[in-house]
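Undergrad: First the structure, then my questions, so here it is.
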Amino acid sequence: MTLRALILLSATLLLALLILMFYSHGLLQEKNALSREVDALTLQIKSRDQLIEQLDQQMQQREQAELALRQALGQASKLTLQREQQFQRSQDDDPTVKAWAERPLPAAVSQLHQRPDFPTATDYLRWLSGRQPLPDTRQSAK
C-alpha cells in the first residue's frame, strides 16, 4: 500500500470515528432524556399509588360510618317500635290515655299542619313570621 492509500484510509477511519462519536453523543443525550422521563413517570405512578391508597382508606372509613349509621337506624327503629307498642299497651290498659289519644288536636295545633308548599326554607320562615302568634294556653286557663 502506498502512503497515499494509508492516509486516505486513516482519514476515512478518522471520519468514521468522528461520525460514530457524534452518533454516540446523540444516543447518550437521548438515553439521558429517556431516563429523566422514566423518573418523572415513576414519580407520577408513586403519586397515583398514594392517592389510590388514600381513597381506599376514605372509602373504608365511609363504609364503616355507613355501617354504624345503619346500625343506629336499626336501633332507633327498634326503639320506636317498642315505644309505639308500649303506648298502644298503655292505651289499651288505661281508658284515660285512650280518651286523650282519641281526642282531636286543638285548633291552634291543627293550623300548624295546614301550610302551603314552599320552594325554600327562607320562604317558609318568612311565612311563619308573618302569621299571627299562637294563643297562649296559660291565659285561657286563668
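Readers should treat all values here as calculations from the given coordinates under stated rules, not as data from a laboratory. Computed from a predicted structure; not experimentally measured. Because the Cβ atoms are built from the backbone with ideal geometry, glycine has one as well, and the counts that use them run over all protein chains shown.
Undergrad: Just want the answer: with Cβ charges of +1 for Lys and Arg and -1 for Asp and Glu, which residue in 50, 25, 109 is farthest toward the dipole's positive end in the chain?
TA: 109
Undergrad: Under a Cβ-only charge scheme (Lys and Arg +1, Asp and Glu -1), can you give me the dipole magnitude of the chain about the Cα centre, in debye to the nearest 20? Could the numbers behind the result be given before it?
TA: Details: 17 positive and 16 negative charges, 71 e Å.
Around 340 debye, computed over the chain.
Undergrad: Using 0.36 nm per residue, how much length does the chain from residue 83 to residue 31 gain when fully extended, once their Cα-Cα distance is taken away?
TA: 11.0 nm is the gain from fully extending residue 83 to residue 31.
Undergrad: Let me have the 222 nm mean residue ellipticity of the chain computed from DSSP H runs of 4+ only, each contributing -39500 (n - 2.57), with the sum over all residues rounded to the nearest 500.
TA: -30000 deg cm²/dmol
Undergrad: Oh, and also: No solvent, one uniform scatterer per C-alpha: report log10 I(q)/I(0) for the chain via the Debye equation at q = 0.12, 0.16 1/Å, two decimals.
TA: At q = 0.12, 0.16 Å⁻¹ the computed log10 ratios are -0.97, -1.13.
Undergrad: Taking the Cα centre of segment 1-94 as the origin and placing charges on Cβ (Lys, Arg +1; Asp, Glu -1), which of 77, 6, 59 is farthest toward the positive end of the dipole?
TA: Result: 6.
Undergrad: Using a Gaussian network model on the chain with a 10 Å cutoff between Cα atoms, which of 88, 114, 44 fluctuates the most?
TA: Among 88, 114, 44, the largest mean-square fluctuation in the Gaussian network model of the chain belongs to 114.
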